[in-house]
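Got a structure for you, written out below as structure tokens; questions coming shortly.
Bear in mind these aren't lab numbers, they're just calculated from the coordinates by the rules spelled out. As the structure is a prediction and not an experimental result, all values here were calculated from the model. Cβ coordinates were reconstructed from backbone atoms using ideal geometry, including for glycine residues, and neighbour counts include every protein chain displayed.
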Amino acid sequence: MTRPLVAGAAVLAASLLVALLVLPVGTLLGATGAGGIARALGDAQLLAALALTAACATAATLLAVAGGTPLAWLLARRSFRGRTLLEAALELPLVVPHPVIGLALLVALAPATPLGRALATTGLEVVGTPLGIVAAMVAVSAPLYVTGAREAIARVDVRLEGVARTLGDDPWRAVRRVTLPAARRGLVASAVAMWARATSEFGAIVLVAYHPKVASVLAYDRFTTYGLREALPVAAVLVLASFGVLVLVQVTRAPRRGFTP
Amino acid sequence: MIRLDALALDAGPVSLRALDLVVPTGATGALLGPVGAGKSSLLECVAGVRAPRAGRVIIGDDDVTSWPPERRRAGVVFQRGWLFEHLDVRGNVAYGARDAATLDAAVRATGVDALYPRAVATLSGGERQRVALARALATGPRVLLLDEPWAAMDAALHAAMRDAVRAWQRAHGTTTLLVTHDPSDLGDDVVARLELPAPPHGAPRAA
């Protein structure tokens, strides 16, 4: 008698969760309507913001992959003193409010700081530039890539690297030819997830680089300047663009067919 | 030649020491012992993927004890084959091939081209071992280290692959070290044996 009750409660809870996730977004899209979405797609400022968002997220992801993949291998394969602290530090941006990350970046990279001055001597400015947007995206979203890549690499049996070495590979060639290709699906899925997260970042970016506006900052700007009605079309386009990316993430995460002993 | 000089190693709960063995060039030696005795771990020491606690490993005229695996030119067939799942059969066999001629010879010796271009995931256990053997031979090794290479094969394939290894040894003078439980593998060509003692608390339980 209790089993149907438990199953029914589980179904009800799951339905409420789905409703909580889907209804607000669905309502937003419905309130905007096809006409509003079509008009938004002709909004030059919105299109520019979308392009800037995509370009900065791509640059941030490439930086994270370049630096994060060796780091993920180290965390997956090696034990060393301070590893726990390093992992905690890497995952900190996932739990700290993102405006706090933005403040930290301002403190570290503003023109008045030593690092900011050093960057300025090379002609690079961070605050209020696309470089600042990329820095904020990396700071907030790179932990997603590193933790995902670490798990993907850890799932590749380390003994396969030993096998590759008996076949003539030095250690790094074994990693490059065996471990990374074997972990490829997980690495790609982690990179896509990071890219998706970077495109939606707001809290750190709004402090580091309000201008030029990425899509999330534009939506906020339209709301605070013109009100809900003007912000809805921007929000609807962002929802649809994000949904498309998430479908891609799910496709890259899909398990392979067949059984691998 | 393969020579073990007072080799000592730790293999999980088992601690082995004072292991001595000499397998002349071109001949076959056998590692024997019950399950959990450390035979595979000992083979890994000779291959260089596991470090011994003490003693020496000599291959040919070289003390390879401190050499990394990629320098030793030991062709290894591990107990589970350990094929690369992201490559097909052809890619696995060719992975560390010394040159086109050696690759071709290894393919002919094992008949593994019958399995091209299948994905590794579709292979049976015996087929995986066959591919692993071809992959090891394709490197043109100076020694062959075989960890129960025929365990997953049927009788016909077992006999064919055993004969293929013997023919390869005759043609190339390759010294072989074999881990086996099968008495039929201990023929007249096995000139040296090292029997490892039973682990202190009996065979490990199956998982």
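Kirkwood hydrodynamic radius, the protein assembly as shown, all distinct C-alpha pairs: what's the number in Å?
Working: mean 1/r = 0.0375 Å⁻¹.
It works out to 26.6 Å.
Taking other Cβ within 10 Å of each residue's Cβ, how do A:Tyr226, A:Tyr210 sort, fewest first? List each step's numbers first, then the result.
Details: A:Tyr226 10, A:Tyr210 15.
Ranked by crowding around the Cβ, least crowded first: A:Tyr226, A:Tyr210.
Go through region B:186-197 residue by residue and turn each phi into a ³J(HN,Hα) via Karplus (6.51, -1.76, 1.60, θ = phi - 60°); whole Hz please, and just put x for glycine and proline.
8, x, 5, 6, 7, 9, 9, 9, 10, 9, 8, x
Additional query: What FRET efficiency comes out for A:Arg176 versus A:Leu16 if R0 is 56 angstrom and r is the Cβ-Cβ distance? Round to the nearest 0.05. Let's see the in-between values first.
On the way: r = 48 Å, r/R0 = 0.85.
Result of the calculation: an efficiency of 0.75.
If each residue of separation counts as 0.36 nm, what is the full-extension length gain between A:Asp43 and A:Ala118 once their alpha-carbon separation is subtracted?
23.2 nm
Can you give the FRET efficiency for A:Leu85 and B:Ala51, using 1/(1 + (r/R0)^6), R0 = 22 Å, r = Cβ-Cβ distance, to the nearest 0.05?
0.15
Okay, moving on. What is the dipole size for region A:130-261, taken about its Cα centre, with +1 at each Lys and Arg Cβ and -1 at each Asp and Glu Cβ, in debye to the nearest 20? Show your work: numbers first, answer last.
Working: 16 positive and 8 negative charges, 99 e Å.
Computed charge dipole of region A:130-261: roughly 480 debye.
May I have the convex hull volume per residue, in Å³, for the Cα set of chain A? Provide the component values of the computation, followed by the final result.
Working: hull volume 55.2 nm³, N = 261.
Dividing the Cα hull volume of chain A by its residues yields 211 Å³.
For a footprinting-style exposure proxy, rank A:Leu21, B:Leu145, A:Leu240 by other Cβ within 10 Å, fewest first. Mind showing how you got there, number by number?
On the way: A:Leu21 10, B:Leu145 28, A:Leu240 15.
Ascending number of Cβ neighbours within 10 Å: A:Leu21, A:Leu240, B:Leu145.
Also, I was wondering about something else. Once phi is turned into ³J(HN,Hα) by the Karplus curve 6.51 cos²θ - 1.76 cosθ + 1.60 with θ = phi - 60°, what whole-Hz value does each residue of region A:151-163 show in order, with x for glycine and proline?
Once θ is set to phi - 60°, the couplings for region A:151-163 become 5, 5, 5, 5, 6, 8, 4, 5, 5, 5, 5, x, 4 Hz.
Quick check: Cα centre of region A:1-40 to Cα centre of region B:138-157, how many Å?
Taking the Cα centre of each part, region A:1-40 and region B:138-157 sit 58 Å apart.
For chain B, state the average projected area of the convex hull of the C-alpha atoms over all orientations, rounded to one decimal in nm². Kindly include the intermediate steps, with their values, before the conclusion.
Values: hull surface 44.9 nm².
Over every viewing direction, the Cα hull of chain B projects on average to 11.2 nm².
Based on a Kirkwood Rh over C-alpha pairs, give the Stokes-Einstein translational diffusion coefficient of region B:1-87 at 20 °C and viscosity 1.002 mPa s in µm²/s. Spell out each step's value before the answer.
Details: Rh = 13.6 Å.
Here the translational diffusion coefficient equals 157 µm²/s.
Which is the longest part of chain B that has none of the trypsin sites (Lys or Arg not before Pro) sitting in a DSSP loop with at most 14 other Cβ atoms within 10 Å?
Details: sites that count: B:Arg53, B:Arg118, B:Arg205.
It runs B:119-204.
Turning to a different aspect of this structure: Given C-alpha coordinates of region A:27-113, what is the ratio Rg to Rh with the Kirkwood estimate of Rh? Before the final figure, lay out each step's value.
Working: Rg = 19.7 Å, Rh = 17.1 Å.
Across region A:27-113, the Cα-based Rg/Rh ratio is 1.15.
A follow-up question, please. Between A:Val107 and A:Phe243, take the C-beta separation as r, use R0 = 35 Å, and let me know the FRET efficiency to the nearest 0.05.
Efficiency for this residue pair is about 0.45.
Also, quick follow-up: In deg cm²/dmol, rounded to 500, what helix-only [θ] at 222 nm does chain B give when every DSSP H run of at least 4 residues adds -39500 (n - 2.57) and the total is split over its residues? If you can, show how the numbers build up before the last one.
Details: 6 runs with 61 residues, N = 207.
Roughly -8500 deg cm²/dmol at 222 nm, from the helical runs in chain B.
Something else now. Using only C-alpha positions, report the orientation-averaged shadow area of the convex hull of region B:120-207, nm², one decimal. If you can, show how the numbers build up before the last one.
On the way: hull surface 30.2 nm².
The number I arrive at for region B:120-207 is 7.5 nm².
Further question: In nm, what is the difference between 0.36 nm times the number of residues separating A:Leu5 and A:Val100 and their Cα-Cα distance? Don't skip to the end; give the middle numbers.
Values: separation 95, 0.36 × 95 = 34.20 nm, distance 4.45 nm.
So the extension gain works out to 29.7 nm.
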